[in-house]
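Report on one structure; see the data block that follows.
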Amino acid sequence: MKSKIDLNSYDISLFARKNANKVFVLMATTLGGFAIAQDKDTIKIDSNPLYEQELAQLKQLPVTFANQNIQNFTQTEVYFNFKKNEFARKQTASETMRYGFRSQGLFNVKEDLKIFGSIDLQKYTEKDLAYTLDDTRTDDMEVLHPQYYFVPRSSNWNNQQYDINAGVIKSFGNFNLAAKAGLYANKLAREVDPRPEISNRKLSGEIHAGYTYGNHQIFALAGYAVKDKDYSYYYSNSQLNNIAYPDTYLRYNSGFGRVINRPFLNYSSGYYTRTTYKKAGAGYQYNSANTLLSGQYTYQENLENFYDDKFMNDKFKRFQYQTITHQGAIRLKQNINDKILRSSLSGFKTTSKNYDVKALGTNYMNRQRNITFDVNLLKQNNQIVKYYVGAFAAYNQNRYMDQLGYVDQKINSLTAGIYANRDIESKNDAKFNVGVGLNYYTALKNELDFLNLTGATDNVFYKEVIAHDFVYNSMDKLDAKADVRYILPVKNNKNVVIYTQLRSIFALDKNRNQTIDLNTETTYQVNFGIQLNY
C-alpha cells in the first residue's frame, strides 16, 4: 500500500556581504595554520571513519586532549548527498539533495598549545514537504518539537547554512584550559503558498578547566549559547489562507495534536524566538601508555521564548519551551599487543515541556531516555587498517503527551548494529578502504492513546501525522550501508580521498495488516565526495 509521503525542503540566500566577510575571516584564522606536521605526535587522524570518535571527542571535550599527543591534521572536502525517502515519517521530504564544502583540523602551535576548528558551508533542497512550515524534520527524530505552523499542502524548499567552530587548548603546568566558540546560521524558504521565510543565528561558547596529576586528570566545563530565530510568511494569493481551502489554511500546532488558529496577535507578520542554552559538567580521565579511561557528566537547560512581534519584550511573550538534559558517558581505549580495543557506555535523560503564556498552563511534555553501548577492535600496521570491527546496541524509552490534544504515545525501542572496514593496498602506495554497516531497529513497545472528545471527523493532523508515524515507528527496520574510499598519496605527506557511500532503509514487516496507508518501499541515500588530507 502506498500513500504519498512529503518531506523537507529549503530555500536560502544567506551570504549577505557582511556575513560572508565574517565567515571567511574566521575561516582563515581558524584553519590557516594547519599544514605543518610534527613527527613526535603519536595520534594520527586520517580519512578512515574509525577516527570519527576522536573527532567527536575533540569537539565535545577538548580539554581531554591537553595531555594527549595528536599529530597536526587538516581535512578539506567538497561533498554531495542525495536521499530518496519512500519509507519515512510524514514530516520528512520525499527527496533531499545537499552539496557543500567542509574543512576541519588541529595544529600544535607549541607543545602546550593547540588550536582546532571546523567550517561547513552547505546548500540543500528538499522536495514535497508537508505538515510542517518550520525548520525541523522527522528524518532522525520521532516527533517534532512543538510550536510550529503547518498546512497539509506539500512544497519544495531551498536551504543554505554555515557552521563555524574554533577552539584552543592550553596547559599551564598541571593546569589545563580549553575554550571554544561557534557560529551557526541558516535561512530557509518555501516555494508555494504559504511561503515562510526562516532565519536562525546561533552564537555559542564554552570554557573547560582541568588539573593533571600524573596519569590522572579532573576537569569541569561551562557553556552558554544564544539562538535568535526570525519567522515570517506571506501568501501570493491571500484567499488561500481561508478555512474554505483546508490544504493551504494556516494552522498552528502547540504540542502534539493541539491545533489552534491565529495564536499570535500580529498574525500576518510572523513571530520571533530567542533560545538560551546553559551547560555545566565535570569529568575524569586516566591516561597511561596503554590505557585511556574517561568519564563525564553534563547538565544542559534550554529555554525558547516565542514573541508576538520582532521585539524581545515580556509583554509580547506568547509561548515557552523548556528542555532539561542529563548526559553521561564512560569510554575506554586499551592497547592489546598490536590491537586497540575501544568501548563506551553512554546515556541521556531529557525532559521537555511547553508553556502557553496566554492560557497560563502547560499542555505538552516529552520524556526521552537512552542508553548505548559500543565496542570495537582495530588492528593497524603502518597506517594500513588490517581490520576494524565493532558492534553497538541502543535502548530508547520515549513518551510524548499532549493533554489538550488528548494524545499519549509511548515508544520503547532497541537498535543493534555491526560495522567493519579494512584497507586494501594497491599500486604506488595507494589503497582502497571498504566498509559495511548493518543496523536493526525494533519497537519493543509502541502505544498510542487518542481521545476524540470533540467528536470531530476531520482531525487531519492526528490522521495524517500522528497515526501515520505511529505505524512507521512500530515497524521493524533494517538500515544497511556500504562505502568505498580510494586514498591516493600526493606530495608532502598529503593524500587525496575519493569516496562514495550507499545506504538503504528497509521495512521488514511491510506485509502485515495496517490501518494506515504507508509507503513501505525502500529509502535510499547516496553520498559522494573528494577530500584532501594533510
- Query: Which condition breaks for D429 when tested against (1) surrounded by 13 or more Cβ atoms within 10 Å (Cβ to Cβ); (2) closer than 30 Å to Q383 by Cβ?
  - Reply: (1)
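Looking only at region 77-105, which residues are touching a Gly at 6+ places or on another chain (Cβ under 8 Å) and either of a type in the set (K, R) or surrounded by 17 or more Cβ atoms within 10 Å (Cβ to Cβ) (or both)?
The answer is E77, Y79, Q104, G105.
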- Task: Can you work out which of the residues in region 52-73 that are part of a helix (DSSP H, G or I) and more than 18 Å from the chain's Cα centre (by Cα) is surrounded by the most Cβ atoms within 10 Å (Cβ to Cβ)?
- Result: V63
- Query: What are the residue pairs meeting all of these: first residue in region 205-219, first residue modelled with pLDDT of 95 or more, second residue among the basic types (K, R), Cβ atoms under 6 Å, and 6 or more apart or on different chains?
  - Reply: E206/K180
- Message: Going residue by residue through region 370-389, is there one that turns out to be among the aromatic types (F, W, Y), surrounded by 18 or more Cβ atoms within 10 Å (Cβ to Cβ) and either within 20 Å of L50 (Cβ to Cβ) or touching a Cys at 6+ places or on another chain (Cβ under 6 Å) (or both)?
- Response: yes
- Query: Can you name the residue in region 184-212 that is among the acidic types (D, E) and assigned to a loop (DSSP other than H, G, I, E, B) and, of all such residues, is nearest to F172 (Cα to Cα)?
  - Reply: E191
- Give the residue, chosen from T500, T515, that is assigned to a loop (DSSP other than H, G, I, E, B) and touching a residue at least 24 places away in the same chain (Cβ under 8 Å). T515
- Query: farther than 25 Å from G214 by Cα, within 19 Å of the chain's Cα centre (by Cα), modelled with pLDDT of 95 or more and outside any strand (DSSP E or B) - does that describe any residue in region 80-88?
  - Reply: yes
- Close pairs (6 angstrom Cβ cut-off, 6 or more residues apart or separate chains): in contact (Cβ under 8 Å) with a residue 12 or more places away in the chain and in a helix (DSSP H, G or I) in region 235-249, of a type outside the set (A, V, I, L, M) and surrounded by 11 or more Cβ atoms within 10 Å (Cβ to Cβ) anywhere: L240/D193; L240/T248
- Tally, over region 160-206, of residues that are buried (at least 19 other Cβ atoms within 10 Å of the Cβ), farther than 25 Å from V226 by Cα and touching a Phe, Trp or Tyr at 6+ places or on another chain (Cβ under 9 Å): 4
- Message: I'd like the full set of residues that are surrounded by fewer than 14 Cβ atoms within 10 Å (Cβ to Cβ) and within 30 Å of V460 (Cβ to Cβ), limited to region 207-254.
- Response: S236, N237, S238, Q239, N242, I243, A244, P246, D247
- Sort out which residues of region 302-359 are among the small types (G, A, S) and within 29 Å of the chain's Cα centre (by Cα), and write them in order of number. G328, A329, S343, S344, S346, G347, S352
- Among (1) in a strand (DSSP E or B); (2) buried (at least 17 other Cβ atoms within 10 Å of the Cβ) - the single one K445 does not satisfy: (2)
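The values are calculated or read from the model by the stated rules, or taken from the named source; none is laboratory data. All of these numbers come straight from a predicted model, not from anything done at the bench. Cβ coordinates were reconstructed from backbone atoms using ideal geometry, including for glycine residues, and neighbour counts include every protein chain displayed.
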